[in-house]
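I have placed the structure first, in the form of structure tokens, so that the comments after it can refer back to it.
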Amino acid sequence: MTMTPRAMGTSVRRVDGPEKAIGCALYAADHAAVDAVHLYPVLSTVPRGRVLSVDTAAAAELPGVLCVLTSENAERMADTSDREWTVLQDRDIDFRGQIVAAVLAHSAEVARQAAGLVAVDYEEAPFRARFDEASGELFTPELLNLNHHTDTTDGDVDAGLGAAAVTVDEVYRTAMTHPNPMEPHAAVALWRPDGAAPRLTVHDTTQSVTATRANIARLIGLDEDDIEVLCPHVGGGFGSKGNSHAHLFLTVLAARAVPGRPVRFALTREQMYTLVGYRTPTVQRVRLAASAEGRLTAITHDVVQQTARYKTFGEQTAVYSRSMYAAPARRTSHRLDPLDVPVPTWMRAPGECPGSFAAEVAMDELAVACGLDPIELRLRNEPDVDPENGKPFSSRNLVACLKRGAERFAWHTRRQEPRSDLRDGWWHGTGLAACAFPTMRLRSSTATIRYRAGHYAVAIAAADLGTGARTALTQIAADALDVGVEQIELSIGDTAAGPATVGGASSGTASWGATIVDAAERFRDKYGEHPDDGDEADGTTPDNPWAEEYSMHAYGAHFAEVAVHADTGEVRVPRMLGVFAAGRILNPATARSQFLGGMTMGLSMALHEESVLDPRFGHVVNHDLAGYHVATSADVGQMDAEWIDEDDPYVNPMGAKGIGEIGIVGAAAAIANAASHATGIRVRSTPLKVEHFL
Ligand code: MOS
């Protein structure tokens with residue numbers, strides 16, 4: 001179907017802006033009625049071993065305490081196959097900070113105080129919490145996140161390496177980092193007495209109410225129809241709310257212990273550092289082999305990362321190098337080091353973000369080694385088709401992004417010589433990096449459109465992580481129905497709307513949007529342009545007929561100016577520019593925020609973010625916003641994002657590519673490359689530190 005873009009492409013103001021601005025948008029933890037029961041967990045203080053005993057007597061005596069849940073009295077789960085989710089089902093300790101008990105009380109304060117009175121006796125077992133890329137325990141998981149293969153070889157890598165006139169062979173490291181959405185993880189669960197429906201209502205802060213419901217149903221052994229999950233607003237997720245975590249199931253177990261009363265569990269910032277996942281640290285060896293003119297003959301990208309012993313998460317770190325540049329021979333591999341620590345998870349552009357740091361810094365090193373401008377090097381290695389699968393690109397405008405960015409950034413004024421611009425005690429330099437992120441459409445969502453009194457109620461169980469998805473979907477619905485946005489009443493984040501895919505992998509708006517377009521088509525086929533009250537149609541996510549024909553990604557180019565203090569090594573980023581090619585930009589205002597947010601997170605990764613795991617104790621010591629630094633306004637200089645017009649008829653009816661993650665991909669590499677240009681010092685790890693430049 002062809003849609004006439006009227007609302008799409010315009011900066012429609014956020015439809016939920018007013019309710020958020022005046023504070024009446026309710027987030028998960030806000031759904032605690034006056035009779036709520038508050039939960040506070042007791043977390044293990046040892047990284048591995050067994051709980052010998054839990055003394056709950058002092059806690060239980062505190063006025064206001066209802067009960068203390070332990071592995072002795074907590075209800076058994078129907079499915080205990082996932083050790084991250086099975087909370088209070090046995091006495092085994094897999095990591096420090098694991099839930100070993102929970103207090104339910106009339107107030108959050110009493111629950112917290114009582115939790116401090118619970119005495120746990122442990123039998124400690126030997127553990128290992130020091131990530132080691134040479135560990136004897138390294139293993140190859142079956143598949144990586146999103147079912148990517150761990151190892152790939154294309155072409156004759158040895159020949160490619162052997163034929164090279166110029167080689168870069170370096171090891172890059174990215175830090176373990178934790179997601180810090182403004183809204184910490186939280187759940188409120190209400191278990192209704194027999195006979196009432198639904199049996200269970202859960203307010204969860206999640207990127208997918210559908211997944212939350214399915215996971216609860218499976219673990220608790222309930223029918224999905226007996227559960228409703230609601231999440232109209234999410235205060236940031238960055239992937240950590242893309243899948244469920246132990247606290248959700250604990251909240252549900254607790255609700256079953258106090259039927260008829262909502263149980264509220266709002267994690268503290270500190271608890272998020274053990275319970276909701278993180279970005280794994282990586283060690284990445286990248287080899288780039290090229291002719292003297294800088295034409296790649298081989299790329300190898302071998303990754304070691306950390307996972308948990310009790311559950312495997314393998315990030316697709318090197319996937320970026322499989323399709324980015326036109327090397328005739330490519331090899332990638334992933335190995336995991338299993339530690340007695342919490343399991344990693346998705347964090348904004350899992351894979352592409354850390355992988356692009358290594359790949360794009362290596363490309364910068366190759367440019368220097370070949371005596372080429374880094375833009376020219378990339379132009380010389382621009383593939384005609386996707387090197388990984390030989391498919392043509394549905395659209396690939398990396399070159400246009402590089403050229404547009406060069407123009408905007410006045411790249412031609414750059415002196416190629418590093419360490420050549422010292423002003424007022426600061427070394428100045430500029431750098432760039434390319435970026436890409438796959439364009440995905442996930443199945444299967446459903447959407448319903450119902451007409452009443454001049455308005456179209458559109459329901460889909462989508463998630464808006466604060467990004468503006470709700471607004472963009474409203475625009476899509478308006479154009480698909482050929483009506484004004486003021487006639488659309490969109491509701492999201494409610495399992496009553498039927499299943500919907502996750503707000504993740506930058507696939508949300510594209511997948512849900514295609515579903516709404518399908519519903520709109522059916523609606524208009526059935527009722528024409530003059531529907532009657534009560535007219536209703538459902539839609540589902542259509543398959544993309546082009547999915548097998550074309551390789552689909554968004555692309556972009558980051559430009560950064562960095563100043564490094566000659567005496568103190570302090571790094572500043574006075575200027576960043578991102579130019580993106582991401583199909584039709586549905587809402588320029590919210591898209592700009594998305595891009596800038598991603599770039600800011602990349603800046604944060606480059607300069608600050610590092611979870612410092614103390615291997616002696618197995619926990620992250622800087623587990624709060626005082627110790628774990630996230631970029632603030634003071635870190636951000638002049639930052640701008642723009643995009644080129646890109647018409648891609650293959651990705652979806654809207655012509656839009658996902659934009660939630662591409663802003664972070666490559667951003668830290670551009671900064672590291674600029675720092676190298678400024679100082680002549682090559683930093684191959686994140687975050688960049690003062691001591692690197694002294
Ligand atoms: Mo995003 S890390 O795919 O939720």
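Some values worked out for this structure:
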{"read-out": "Condition broken by Asp648, with the remaining ones in (1) under 24 Å from Gly466 (Cα atoms); (2) in contact with a strand residue (DSSP E or B) (Cβ under 8 Å, 6 or more places away or on another chain) satisfied", "value": "(1)"}
{"read-out": "Some residue of the stretch 346-354 being assigned to a strand (DSSP E or B) and either within 26 Å of the chain's Cα centre (by Cα) or surrounded by fewer than 19 Cβ atoms within 10 Å (Cβ to Cβ) (or both)", "value": "no"}
{"read-out": "Residue ID - nearest to the ligand (Cβ to nearest atom), chosen from residues in the stretch 188-227 that are basic (Lys, Arg) and under 21 Å from Gly498 (Cβ atoms)", "value": "Arg213"}
{"read-out": "Matching residues, the stretch 29-42, being in contact with a Lys or Arg (Cβ under 9 Å, 6 or more places away or on another chain) and not in a strand (DSSP E or B)", "value": "Ala29, His31, Ala32, Ala33, Asp35, Ala36"}
{"read-out": "Residue ID - nearest to Met347 (Cα to Cα), chosen from residues in the stretch 107-155 that are of a type in the set (Ser, Thr, Tyr) and under 24 Å from the mean Cα position of the chain (by Cα)", "value": "Thr150"}
{"read-out": "Matching strands (runs of 3 or more DSSP E) fully within the stretch 228-319 where at least 1 residues are within 16 Å of the ligand (Cβ to nearest atom)", "value": "282-290, 296-308"}
{"read-out": "Matching option when the condition is on the phi > 0 side of the Ramachandran plot and either within 16 Å of the ligand (Cβ to nearest atom) or in contact with a Pro (Cβ under 8 Å, 6 or more places away or on another chain) (or both), among Ala349, Ala327", "value": "Ala349"}
{"read-out": "Any chance Ala457 is in contact (Cβ under 8 Å) with a residue 60 or more places away in the chain, over 16 Å from Leu586 (Cβ atoms) and either assigned to a loop (DSSP other than H, G, I, E, B) or touching a Lys or Arg at 6+ places or on another chain (Cβ under 9 Å) (or both)", "value": "no"}
{"read-out": "Qualifying residue in the stretch 645-667 (condition: over 30 Å from Asn544 (Cα atoms) and within 16 Å of the ligand (Cβ to nearest atom))", "value": "yes"}
{"read-out": "Residue count for the stretch 66-89, restricted to those that are within 15 Å of Leu219 (Cα to Cα) and surrounded by fewer than 16 Cβ atoms within 10 Å (Cβ to Cβ)", "value": "6"}
{"read-out": "Selection status of Leu219, buried (at least 23 other Cβ atoms within 10 Å of the Cβ), of a type in the set (A, V, I, L, M), over 26 Å from the mean Cα position of the chain (by Cα) and not assigned by TED's automatic domain parsing to the domain that holds Gly504", "value": "no"}
{"read-out": "Selection status of Ala634, away from the ligand (no atom under 16 Å from the Cβ), in contact (Cβ under 8 Å) with a residue 60 or more places away in the chain, hydrophobic (A, V, I, L, M, F, W, C) and outside any strand (DSSP E or B)", "value": "no"}
{"read-out": "Count of residues meeting criterion [among the aliphatic types (A, V, I, L, M) and outside any loop (DSSP other than H, G, I, E, B)] in the stretch 652-694", "value": "11"}
{"read-out": "Per-region count, the stretch 606-627, residues out of contact with any helix residue (DSSP H, G or I) (no Cβ under 8 Å at 6 or more places or on another chain) and outside any strand (DSSP E or B)", "value": "11"}
{"read-out": "Tabulated pairs, the stretch 492-510, first more than 8 Å from the ligand (Cβ to nearest atom), second part of a helix (DSSP H, G or I) and of a type in the set (Val, Ile, Thr), C-beta under 6 angstrom, 6+ apart or interchain", "value": "Gly493/Val209; Thr495/Val209; Pro499/Thr210; Ala500/Thr210"}
{"read-out": "Selection status of Asp132, part of a strand (DSSP E or B) and either touching a residue at least 12 places away in the same chain (Cβ under 8 Å) or outside the structural domain of Ala246 (by TED's automatic domain parsing) (or both)", "value": "no"}
{"read-out": "Within the stretch 90-127, tally of residues that are surrounded by fewer than 15 Cβ atoms within 10 Å (Cβ to Cβ) and among the small types (Gly, Ala, Ser)", "value": "4"}
{"read-out": "All positions within the stretch 465-481 that are away from the ligand (no atom under 13 Å from the Cβ) and either part of a loop (DSSP other than H, G, I, E, B) or more than 21 Å from Gly236 (Cβ to Cβ) (or both)", "value": "Gly468, Gln475, Ile476, Ala477, Ala478, Asp479, Ala480, Leu481"}
{"read-out": "The stretch 675-687, subset buried (at least 24 other Cβ atoms within 10 Å of the Cβ) and under 21 Å from Arg285 (Cα atoms), residue nearest to the chain's Cα centre (by Cα)", "value": "Thr686"}
{"read-out": "Members of the stretch 637-672 found to be over 24 Å from the mean Cα position of the chain (by Cα) and either of a type in the set (Phe, Trp, Tyr) or crowded, with 24+ Cβ neighbours inside 10 Å (or both), listed by number", "value": "Asp648, Tyr650"}
{"read-out": "Matching entry among Thr448, Thr413 (being without any contact (Cβ under 8 Å) to a residue 40 or more places away in the chain and not basic (Lys, Arg))", "value": "Thr413"}
{"read-out": "Some residue of the stretch 560-568 being more than 16 Å from the ligand (Cβ to nearest atom), touching a Leu at 6+ places or on another chain (Cβ under 9 Å) and either modelled with pLDDT under 95 or of a type in the set (Gly, Ala, Ser) (or both)", "value": "yes"}
{"read-out": "Checking Ser395 against (1) among the polar types (S, T, N, Q); (2) within 16 Å of the ligand (Cβ to nearest atom); (3) in a loop (DSSP other than H, G, I, E, B), the condition it does not meet", "value": "(2)"}
{"read-out": "Criterion (surrounded by 15 or more Cβ atoms within 10 Å (Cβ to Cβ) and either out of contact with any Leu (no Cβ under 9 Å at 6 or more places or on another chain) or at pLDDT 95 or above (or both)) met by exactly one of Ala606, Ala626", "value": "Ala606"}
{"read-out": "Selected residue [within 20 Å of Thr282 (Cβ to Cβ), assigned by TED's automatic domain parsing to the domain that holds Leu372 and surrounded by 14 or more Cβ atoms within 10 Å (Cβ to Cβ)] from Val157, Val166, Val171", "value": "Val171"}
{"read-out": "Check on Asp421, away from the ligand (no atom under 16 Å from the Cβ), among the acidic types (Asp, Glu) and more than 25 Å from Ser356 (Cα to Cα)", "value": "yes"}
{"read-out": "Hits in the stretch 6-28 (condition: free of Cβ contacts under 8 Å to residues at least 24 places away in the same chain and closer than 19 Å to Asp204 by Cα)", "value": "Gly23, Cys24"}
{"read-out": "Qualifying residue in the stretch 405-415 (condition: buried (at least 23 other Cβ atoms within 10 Å of the Cβ) and among the hydrophobic types (A, V, I, L, M, F, W, C))", "value": "no"}
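The values are calculated or read from the model by the stated rules, or taken from the named source; none is laboratory data. Source: prediction; values computed, not measured. Cβ coordinates were reconstructed from backbone atoms using ideal geometry, including for glycine residues, and neighbour counts include every protein chain displayed.
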